[in-house]
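Following: one structure in structure tokens, then a few remarks.
Just so it is clear, none of the values below were taken in a lab; they were calculated from the coordinates. These numbers were taken from a predicted model, which means no experiment stands behind them. So basically every Cβ, Gly included, is an ideal-geometry build from the backbone, and we count neighbours across all protein chains shown.
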Amino acid sequence: MKQTESLCSNKLLPPLPVLTLCFSTREPLLLQRSKRGWMWNQFFLLEEYTGTDMQYVGKLHSDSDRGDGSVRYVLTGEGAGTLFKIDEKSGDIHATKRLDREEKAYYILHAKAVNRFTSEALEGESEFIIKIHDINDNEPRFTKDPYMARVPEMSDIGTSVIQVTAIDADDATYGNSARVVYSILEGQPYFSVDPETGLIKTALPGMDREVKENYQVVIQAKDMAGQMGGLSGTTTVSITLSDVNDNPPRFTKSEYIQVPETRELGSEVGVIRALDADIGENAEMDYRITGSDGPGMFDIITNRTTQEGVIVLRKPLDFEKKRQYSLRVQVENVHINPRFFSVGPFRDEATIKIVVEDVDEPPVFERASYVMEVKEDAAKNTVIGSVSASDPDDKSSLVRYSIDRRTDMDRVFNIHAGNGSVFILRELDREEYAWHNISVIATEFNNPRQISRVPVYIRVLDVNDNAPTFATNYETFVCENAKANQRIQTVSATDPDEPLGGHRFFFSLAQEAAGKANFSVRDNKDNTAWILTRRNSYNSLQMSVYHVPVVISDGEFPMQSSTNTLTIRVCTCDREGNMKLCNAEAYTARAGLSTGALVAILLCVIILLMIVVLFAALRRQRKKEPLIISKEDVRDNVVSYNDEGGGEEDTQAFDIGTLRNPEAIEESKQRRDIVPETFYPPVRRPVLPPTRDNNGDVRDFINQRLQDNDSDPTAPPYDSLATYAYEGNGSVAESLSSLESVTTEGDQDYNYLSEWGPRFKKLADMYGGDDSDRDS
């Protein structure tokens, strides 16, 4: 086999070695056509190229290329045509832009040689890679900026604080571009950093938070293994010393507290405070009293919020008895760190002086409360006990006693103002009120504003003053067919009294009824009794109800008894003794009608009466039909007539003579707007209208007409307008109406107009002038 091999030219090689892609053709000796293939290797291209010309990558060449321009090279893949361009004729590949390895480290492309004229592939497509060669163009960058860290104060040298990390985007597999070394720029001599790992540690012992709490440390990360020319980046680490309990609490001075003697028990007397340089739980303290000249007088409580000791009063103060107290108070840390036991005891002590101030106090009772007893039958003004109070400031000062009437509204008790003796004003009843709770007031004579109170509990003791009675209202019946000595009822008793040994009741039949009794009473000796029959049968017709007097007495002293009446009805029963009918029901049954039947009949009669009444009412509510029917709403009160009158000469439309002579009115003339409902029209009293000859008042005339219309039963339900027009007399000009004027104008004399004054002068000239003209 003959094999030929063509090498690619290496013109314009870049500064670094570049491998070119070559085509090879292998032909066998038997002249058989063999498949042509690519021989390729990787191309390397330097990143961040700064030249002015396009950067040369490499050359593609096929042994089919004879240099006559018939071969066309085609480049496809990542960045083909944009980042990388190929000369179709020569196969030279150039980079058109500056590339960054950190954005993309390599590109995969495909090369192909085709016939320029027929586009027939001369060689099969082959793949090759262009790798971007790294340069140190990225400085190390820390993952955080700033870092926050805490380390306990007083830590030993070499205690780990925090680890910082810087990342270099350059290629870590090529050279030292991405090899980072850490160093500390600020923060010495307190801290150090491991150059390889970036771990920060303490470098100084005994760092005290109370002296300095916060530190700022600047760390530098440099690539190229820290050599000259390497790039670097920095970050700040904020380190805070956390607190440990390395300081004991301390009292700064002895406390001096003043408190009035009237301070209430359980209230605050004063507050003390110890100082601790630590914070948080390391500054928590407990206070306690280790010594006092008044045992049990005071207590101290720790306020966990403020870390203060609150002194509380446990026993009452009295200036007259003791004016000053001395307390020995100890404070100690709650959480103690064993590492610092050598520092000293984490406790301190102080002496507290408490001075009692004198206050004008109200009277003080000898007891906090009083309990008194009195029998309920005690007489009025009986003394049941006494109270006593005194002024603590002056034992000789007088005290006045009284009862708070708000606690004794019924004024059952009273008290002697001078000696405090309590006595009763009204009779008592234990069954009504077994206890009385009153309040007694003590007031200073010299200062009435100083008062005090004490509760007094008065117990009313029982006396046997109530007779026993039946425990309930019994409904007892006896059958007509009852047998002798048959039990028909069991009775018991109740008594509002409460004897110490409990109740014991005795039952018996009253003496007045013992001889003629139809029933007997048997005492069961257990506070109950049986009611028994004394004969074989009873007849409800002869006696339907029996009243049996039962005497109940108690066994107390003085003995109380009462007579209680037991009502027994006689009933009809079946053979088993079950009640069927009693008293009135039996009589009704024998008459043939039961109570239910009578009730049903009564309901039927009531329903019939209601129907009759309803029918009569509907007949009376007949609708009135007016003669005048309008297409408009019949509720209108105004009826319109579209007729035009004839004026003053029309005497048919309105008869003026009716007003002149009311006697001419037809008395029986009916209204024309509604149907008349009565055949007896109202009688109208004749009233003469005022005329010139009659000096009557027109007001009386109109009022009479108004009264007649108001009392007219035939009047419609709506308003009707009646108009009376009359011209009164008394005018100097008399009537100006033309109704009674003379027939000719020549008979009129208008000379009198000039006598009426200047306002009628023009009128007198007009009419008087006509007369003069006519005469002339």
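The spacing between the stretch 321-379 and the stretch 175-228, judged by their C-alpha centroids, is 59 Å.
Modelled this way, with points 7 Å down the Cα-to-C-beta line, the labels at residue 525 and residue 503 are 2.0 nm from one another. Using a cutoff of 8 angstrom between alpha carbon atoms and counting only pairs six or more residues apart, the relative contact order for the stretch 42-133 works out to 36 percent. Annotation: amide H of residue 126 within the under-5 Å range of 111, sequence separation 5 or more or interchain, hydrogens built in the peptide plane.
Shape class of the stretch 469-581 from the Cα gyration tensor (axes a ≥ b ≥ c, square roots of the eigenvalues): prolate, since a/c reaches 1.5 or more and a/b is larger than b/c.
Distance from the C-alpha centroid of the stretch 429-447 to that of the stretch 526-548: 54 Å, rounded to the whole angstrom. For the stretch 42-133, the C-alpha radius of gyration sits at 1.12 times the compact-globule guess of 2.2 N^0.38 Å, with N the residue count. So for the stretch 250-357, considering every pair of alpha-carbon atoms, how many percent are separated by more than 23 Å? Percentage above 23 Å: 31.
Rounded, prolate or oblate: which one fits the stretch 141-242, using the alpha carbon gyration tensor with axes a ≥ b ≥ c (rounded when a/c is under 1.5, else prolate when a/b beats b/c, else oblate)? Prolate, because a/c is 1.5 or more and a/b exceeds b/c. Ranked by the mean number of other Cβ atoms within 10 Å of their residues, highest first, the peptides 55-62, 159-166 come out as 55-62, 159-166. In plain terms, the C-alpha convex hull of the stretch 46-197 casts an average shadow of 13.2 nm² when viewed from every direction. Packing order of peptides 698-711, 546-559, highest average first: 546-559, 698-711 (average count of other Cβ atoms within 10 Å over each peptide's residues).
Take 750-760, 173-183 and order them by the average number of nearby Cβ atoms within 10 Å per residue, most first; the result is 173-183, 750-760. With both labels modelled 7 Å from their Cα along Cα-to-Cβ, the residue 258 to residue 118 distance reads 12.5 nm.
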